[in-house]
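The next block holds one structure in the form of structure tokens; read it before the comments.
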Amino acid sequence: MWGSVGLIAWTHAGYPLAAAATGRLRRYVPRRDERFLPEVALIIAAHNEERAIHGKLENALRLDYPRERLEIIVALDGSGDGTRQAVERFAGEGVRLLDLPRLGKVTAQNAAARATSAEILAFSDAHSPWEPDALRLLVRNLADPEVGYVCGRVQLDEMDGGDNRESLYWSYELWLRENESACGCLTAGSGAIYAVRRSAFVELGSEHSHDIGLPFRLRRGGLRSIYEPAAVAREPGLTTTREEWPRKVRMLSRAWWEVLRGGLLDPRGQPPAFFAALFSHRLLRYSSGPLHLVLLFSSVALAPRDRPARVLLAAQLVFASLALVGWRRPGRVPFAGVAWYYAVVNAASVVGLVRTLIRRPYVMWSPTRGGP
């Protein structure tokens, strides 16, 4: 019971505070160079993105980066709508189309990486426009030979009239990401905006994701992953917490795959500080749902004879009631929406774990507001 409480408190509060303190004491700053302008391939994976792809390609063509050094590739993952025709209209602007069978996002990204010889591979989603200077700001960090991966900041555009608290969580996550980067221990990135040194790029299977799978693999090879908050991509948020459910289950099933089958927790080749960050931020964060179940069952078992267990059980019941209020009557009670969001995310971590254990992670993806 107390072990569950301690681990939950550590991953959500103790570790973030420790990362912030460490980042202040020994701040890692990459050796940036604004004049570093290598050839870049901007890879956009898309599936049934007819409504978004036109705007995304116009946005890509307006990026403040030398056009002769920028290649734009759309990796089409077996679309069944008009996405291919929409991309073909940009052929005269130099946009390349890879019309691929439906095998999943990471497989499409692998194919695009093989199709270019650019020194830097940048990745984005069809529904995530970048600020004009975003690519230049990402790339300047890769002038440092110690840096292999750099991700930017995703700014969620909140939808009016909803109860989703994703933006609140995302603000917390970006703050933690900035502190991890200051420690030189960034543990995950953002699929909407990131760049990788080609020589460091690792082709992953369709069950994986670059967000989680690349940083720890690159660290084993002696390369750091960092966060560049000045490089901004915008992404539409979802209106309600309920809409977050399928996306969270899909993402967390892949996260569990990295833990159970991808070697995320293999300490070989990992600096101790980075491995501690992986354990504290990744494993324990994904484990919050199962840990809450352990806490509930252990406090129920101990409640008849242990007063602290009764107090903890009562606190859990109050929190569950608050989450139910947030579900049924969002916005009526302070913090109820936050409790409901927290409950949904932790339930998704349990379902994602079960899915990974009995089958395999979700490989296929569909276009949704808020990301694949």
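The values are calculated or read from the model by the stated rules, or taken from the named source; none is laboratory data. On a predicted model such as this, the values are computed, not experimentally measured, just so you know. For neighbour counting, all protein chains shown are included, and Cβ atoms are generated from backbone atoms with ideal geometry for every residue, glycine included. Heavy atoms of the whole protein, side chains included, go into the accessibility calculation; ligands, DNA and RNA do not. Shrake-Rupley method; radii C 1.70, N 1.55, O 1.52, S 1.80 Å.
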Q: Return only the number of the condition from (1) open to solvent by 40 Å² or more (accessible area, probe 1.4 Å); (2) within 22 Å of R198 (Cβ to Cβ) that G92 does not satisfy.
A: (2)
**Q.** Among the candidates V259, V294, V249, residue that is among the β-branched types (V, I, T), open to solvent by 50 Å² or more (accessible area, probe 1.4 Å) and closer than 26 Å to V344 by Cα
**A.** V294
(Q) Anything in segment 104-120 that is of a type in the set (A, V, I, L, M) and not in a helix (DSSP H, G or I)? List them, or say none. (A) A115, A118, I120
Q.
Please pick out the residue among V300, V344 that is in a helix (DSSP H, G or I) and either open to solvent by 40 Å² or more (accessible area, probe 1.4 Å) or acidic (D, E) (or both).
A. V300
Q.
Of the residues V351, V333, only one is more than 30 Å from E50 (Cα to Cα), surrounded by 15 or more Cβ atoms within 10 Å (Cβ to Cβ), of a type in the set (V, I, T) and touching a helix residue (DSSP H, G or I) at 6+ places or on another chain (Cβ under 7 Å); which?
A. V351
Q.
Step by step: first the residues of segment 121-147, then only those that are part of a loop (DSSP other than H, G, I, E, B) and not acidic (D, E), then the one that is farthest from V202 (Cα to Cα). Which residue is that?
A. P132
Q: Give the number of residues within segment 117-146 that are within 19 Å of the chain's Cα centre (by Cα) and closer than 11 Å to V196 by Cβ.
A: 4
Q. Is there a residue in segment 92-103 that is under 29 Å from Y362 (Cα atoms), in a strand (DSSP E or B) and touching a residue at least 40 places away in the same chain (Cβ under 8 Å)?
A. no
Q. With (1) free of Cβ contacts under 8 Å to residues at least 24 places away in the same chain; (2) in contact with a helix residue (DSSP H, G or I) (Cβ under 8 Å, 6 or more places away or on another chain) as the list, and A13 as the residue in question, which single condition is left unmet?
A. (2)
Q: Could you tell me whether any residue of segment 205-227 is of a type in the set (D, E) and at pLDDT 95 or above?
A: no
Q.
Tell me the residue from E243, E258, E228 that is among the charged types (D, E, K, R) and over 30 Å from A323 (Cα atoms), please.
A. E228
Q. Can you tell me which residues in segment 201-238 are open to solvent by less than 30 Å² (accessible area, probe 1.4 Å) and either of a type in the set (V, I, T) or touching a Lys or Arg at 6+ places or on another chain (Cβ under 6 Å) (or both)?
A. S209, I212, I226, Y227, V232, L238
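For residues that are part of a helix (DSSP H, G or I), modelled with pLDDT under 90 and more than 27 Å from the chain's Cα centre (by Cα), tally how many sit in segment 317-332. I'd like the intermediate steps shown before the answer.
The first filter runs over segment 317-332 and keeps only residues part of a helix (DSSP H, G or I), leaving 317-328.
Next, only the ones that are modelled with pLDDT under 90 stay: 326-328.
In the following step, the residues that additionally are more than 27 Å from the chain's Cα centre (by Cα) were identified as 328.
Residues flagged as part of a helix (DSSP H, G or I), modelled with pLDDT under 90 and more than 27 Å from the chain's Cα centre (by Cα) within segment 317-332 amount to 1.
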Q: For E166, state whether it is open to solvent by 10 Å² or more (accessible area, probe 1.4 Å), in contact (Cβ under 8 Å) with a residue 60 or more places away in the chain and more than 27 Å from M364 (Cα to Cα).
A: no
(Q) Looking at segment 173-198 only, could you name the residues that are part of a helix (DSSP H, G or I), free of Cβ contacts under 8 Å to residues at least 60 places away in the same chain and among the hydroxyl-bearing types (S, T, Y)? (A) none
Q. Which of the residues spanning segment 219-241 are among the charged types (D, E, K, R), in a helix (DSSP H, G or I) and in contact with a Phe, Trp or Tyr (Cβ under 8 Å, 6 or more places away or on another chain)?
A. R219
Q) Does segment 140-159 contain at least one residue that is under 30 Å from A339 (Cα atoms), among the aliphatic types (A, V, I, L, M) and open to solvent by 30 Å² or more (accessible area, probe 1.4 Å)? A) yes
Q) Restricting the search to segment 52-76, which residues are touching a residue at least 60 places away in the same chain (Cβ under 8 Å) and over 19 Å from R136 (Cα atoms)? A) A52, I53, G55
Q: Those residues that are loosely packed, with under 14 Cβ neighbours inside 10 Å and either among the small types (G, A, S) or at pLDDT 90 or above (or both), I need them from segment 355-372; list them, please.
A: L357, I358, S366
